[in-house]
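Dropping a structure here in structure tokens format, bear with me for questions.
The values are calculated or read from the model by the stated rules, or taken from the named source; none is laboratory data. A quick note: this is a predicted structure, and the numbers were derived from the prediction, not measured. Cβ sites come from the backbone with ideal geometry, for glycine too, and all protein chains shown count toward neighbours.
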Amino acid sequence: MNRNIRPSKGGKIVSLALTAAIALSLMSSVLLTSCKSGGDKDKRPADYGSYGSDFARKIAADFPDRRPYSSGEKSAGEAVKAEMINLKYEPVEQSFSGNGGSSVNYVVKIPGTGFYDVGDDGKVSMKHRIAIIGAHYDNLPPDTKKVTSTAKTATKTTDKNGDKTTEVLEYSYDGISDNASGTACLLTAMKAFKEYPAFAYDVYFVAFGAGNDDYAGARAFYKSLSPEEQGQIDVMYCMESLYAGDKVYASSGYQSLDGQKKYKMRRKLYQAYDVCFANTLYTNYGFDLYYNESGVKADLNGDKKEDIYNEVSANKSDYVVFDEAGIPIVFFDSYEYNFTKLEDMKETKNLNLQNYGGIIRRTHDDSTAFLDSMLVEPDYDRNNDGEIDCSGDRLQIRINAVAFIIVESLLKGSDYGMTQAQYDEYLQKKEKEATASSTEASGKVTAKPTAKTSESVTETDEAETTAETTTAATTKKKTTTTTTKKKTSATTKKKK
């Protein structure tokens, strides 16, 4: 692979000046970032503007080195806490120690209204179930801070004679994708959460520290929960590296590879897809949510059995802690699974992002300046009405769409009880069943005197009864009792 020249889209050379111009353009286009479906101003799904992408770029720029237990990670965590407070939440700091020092989780617990549970005896009780939404805010930079090697050079004409000189592109890793994007998605979900009435779920939002130290923050958080809380967890939603990969995937955990647990462990995953498809995210933003459906057969979970590689991720994140505990998880990240071999899978096939073989995480290509120069398109007039009304910012679109899918998925309810809406529907159904049963019973009561009248008529009008009419009546009225038939027969014989 030739790494000496870095072409941008359309074969143009990307310089630092251009990168800076793009960044300024992004900041000035904040008001132009929602894709309107028409001239109306109706609220559309996932229409959160540039809130999340702005925060992701800011935290990446301000704290590019956020490795676990570092001063950069501490400062980034404090920025996340400050933003939670700005959103009118009261985060609790949860300190913990890891292999390299101490770090902090920032936790917001929001009580829900609970779920209605109807027992076998018909008695109704309330149950509380928990949904956890989390992302780690640390990163793990490569060994070198800046890229000044020939792997990141570009050429351009610099004099009147047409001679070419080499300009070295210097840009620093800052973890914009891994995991400023996931952190910003967490905050966007928290912001969107306030637009809804009360949820049935108790929802725990968590910004994990030290995710790159064997998910130390997630492990500390899970251990801090009481046995009762651990038993109430329905699902854990996790977000990481949403920017650089070719597609956004939603995956379940490796526990779902057990055929006996598959549906139970993947039901929340399927609900996430339902939300995406039902809310026109592709129509409005060009956003789609993918399954990993590579179909490759391999032992994926180390149990010495061959698994079909779909609906699970090649990448590990904080969700691992909850998956190991047997809790259903839904993991959102960007990647590319359209390969026939496990070893070929990577984040991107984009020819402009192949300095590290299409891998972005923990490489120098995970840089705001670099990725923005390659992936951000100009805002455009989506419906040709002369108004620039649609964002070309992939980071913004993905953060908003995933946050929307997560929050809307909470409305799908629990396997262990009913939401208020589901309970109301249940009561209406029971009322209809009771009404139908009462009507049926009433109809049966009316039918009995009719049968008796028929018998009475047969007995009292003997003089007018003939064998012919008796036979016809017996044939037509299959509901006449055996006793009636015998009495009619006797009457006929008496007449003869």
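Kindly establish whether Gly211 is assigned by TED's automatic domain parsing to the domain that holds Arg44, surrounded by 22 or more Cβ atoms within 10 Å (Cβ to Cβ) and within 15 Å of the chain's Cα centre (by Cα).
In short, no.
Related question: Look at Asn384 and say whether it is free of Cβ contacts under 8 Å to residues at least 12 places away in the same chain, of a type in the set (S, T, N, Q) and not in a helix (DSSP H, G or I).
yes
Which of the following residues is closer than 29 Å to Asn139 by Cβ and assigned by TED's automatic domain parsing to the domain that holds Ile133: Ile388, Ile397?
So the residue among Ile388, Ile397 that is closer than 29 Å to Asn139 by Cβ and assigned by TED's automatic domain parsing to the domain that holds Ile133 is Ile397.
Restricting to segment 318-343, count the residues that are among the hydroxyl-bearing types (Ser, Thr, Tyr) and under 18 Å from Asp299 (Cβ atoms).
Of segment 318-343, the ones among the hydroxyl-bearing types (Ser, Thr, Tyr) are 319, 334-335, 337, 340.
Checking which are under 18 Å from Asp299 (Cβ atoms) leaves us with 337, 340.
The number of residues fulfilling the criteria is 2.
Would you mention how many residues in segment 394-431 are among the charged types (D, E, K, R) and buried (at least 20 other Cβ atoms within 10 Å of the Cβ)?
Let us first name the residues in segment 394-431 that are among the charged types (D, E, K, R), namely 394, 398, 408, 412, 415, 424-425, 429-431.
Filter again for buried (at least 20 other Cβ atoms within 10 Å of the Cβ), leaving 394, 398, 408.
Counting residues in segment 394-431 that are among the charged types (D, E, K, R) and buried (at least 20 other Cβ atoms within 10 Å of the Cβ) gives 3.
Oh, and also: What's the number of the only condition in (1) at negative phi; (2) crowded, with 20+ Cβ neighbours inside 10 Å; (3) touching a helix residue (DSSP H, G or I) at 6+ places or on another chain (Cβ under 9 Å) that Glu311 fails to meet?
So the condition that Glu311 fails would be (1).
Kindly indicate the residue of segment 79-94 that is within 19 Å of Ala216 (Cβ to Cβ) and of a type in the set (Val, Ile, Thr) and also surrounded by the most Cβ atoms within 10 Å (Cβ to Cβ) among those meeting that condition. Walk me through it before giving the result.
Narrowing segment 79-94 to residues within 19 Å of Ala216 (Cβ to Cβ): 80-81, 91-94.
Filter once more, keeping what is of a type in the set (Val, Ile, Thr): 80, 92.
Details: Val80: 23, Val92: 12.
Applying the filter and picking the extreme gives Val80.
Okay, next question. Go through segment 369-380 and count every residue that is in contact with a Cys (Cβ under 7 Å, 6 or more places away or on another chain) and surrounded by fewer than 18 Cβ atoms within 10 Å (Cβ to Cβ).
1
Pick from Tyr263, Tyr243: which is within 17 Å of the chain's Cα centre (by Cα) and either of a type in the set (S, T, N, Q) or at pLDDT 95 or above (or both)?
Tyr243
What pairs can you find where one residue is in segment 177-197 and within 18 Å of Leu375 (Cα to Cα) and polar (S, T, N, Q), the other is outside any helix (DSSP H, G or I) and at pLDDT below 95, and their Cβ atoms are less than 8 Å apart, with a gap of 6+ or different chains?
none
If you don't mind, there's one more thing I want to ask. Applying the selection to segment 246-260, what residues are farther than 18 Å from Ser317 by Cα and either surrounded by 14 or more Cβ atoms within 10 Å (Cβ to Cβ) or not assigned by TED's automatic domain parsing to the domain that holds Glu311 (or both)?
Asp246, Asp258
Select from segment 77-97 the residues that are over 25 Å from the mean Cα position of the chain (by Cα) and in contact (Cβ under 8 Å) with a residue 40 or more places away in the chain and list them in ascending order.
Gln94, Phe96
Pairs please, first residue from segment 395-416 and at positive phi, second anywhere and of a type in the set (Val, Ile, Thr), Cβ atoms under 8 Å, 6+ apart in sequence or on different chains.
These pairs meet every condition: Gly413/Thr419.
Which strands (runs of 3 or more DSSP E) sit wholly inside segment 246-335 and have at least 2 residues that are touching a residue at least 12 places away in the same chain (Cβ under 8 Å) and small (Gly, Ala, Ser)?
247-251, 293-298
Does Ser125 count as closer than 15 Å to Glu73 by Cα and more than 21 Å from the chain's Cα centre (by Cα)? Break it down stepwise before answering.
Numbers: closer than 15 Å to Glu73 by Cα: no; more than 21 Å from the chain's Cα centre (by Cα): yes.
No: the conditions fail for Ser125.
May I pose another question? Before we move on, is Ser102 in the same structural domain as Asn139 (by TED's automatic domain parsing), in a strand (DSSP E or B) and either modelled with pLDDT of 95 or more or under 25 Å from the mean Cα position of the chain (by Cα) (or both)?
Considered against the rule, which asks whether it is in the same structural domain as Asn139 (by TED's automatic domain parsing), in a strand (DSSP E or B) and either modelled with pLDDT of 95 or more or under 25 Å from the mean Cα position of the chain (by Cα) (or both), Ser102 comes out as yes.
For residues in segment 111-153 being surrounded by fewer than 19 Cβ atoms within 10 Å (Cβ to Cβ), modelled with pLDDT of 90 or more and among the polar types (S, T, N, Q), which is farthest from Ile399 (Cα to Cα)?
My answer is Ser125.
Given the condition among the hydrophobic types (A, V, I, L, M, F, W, C) and assigned to a helix (DSSP H, G or I), answer yes or no: does some residue in segment 341-352 qualify?
For segment 341-352, residues among the hydrophobic types (A, V, I, L, M, F, W, C) and assigned to a helix (DSSP H, G or I): present.
Then there's this: Do we find a residue being within 23 Å of Ser97 (Cα to Cα) and buried (at least 21 other Cβ atoms within 10 Å of the Cβ) anywhere in segment 195-203?
To start, the set of residues in segment 195-203 that are within 23 Å of Ser97 (Cα to Cα) comprises none.
There is no residue in segment 195-203 that is within 23 Å of Ser97 (Cα to Cα) and buried (at least 21 other Cβ atoms within 10 Å of the Cβ).
Just to confirm my filter: which helices (runs of 4 or more DSSP H) fall fully inside segment 387-496 and include at least 2 residues that are at pLDDT 50 or above? Full working, then the answer.
Working: elements: 394-409, 420-460, 467-476, 482-495.
It comes to 394-409, 420-460.
Tell me yes or no: at least one residue of segment 292-305 is within 18 Å of the chain's Cα centre (by Cα), exposed (fewer than 15 other Cβ atoms within 10 Å of the Cβ) and not small (Gly, Ala, Ser).
yes
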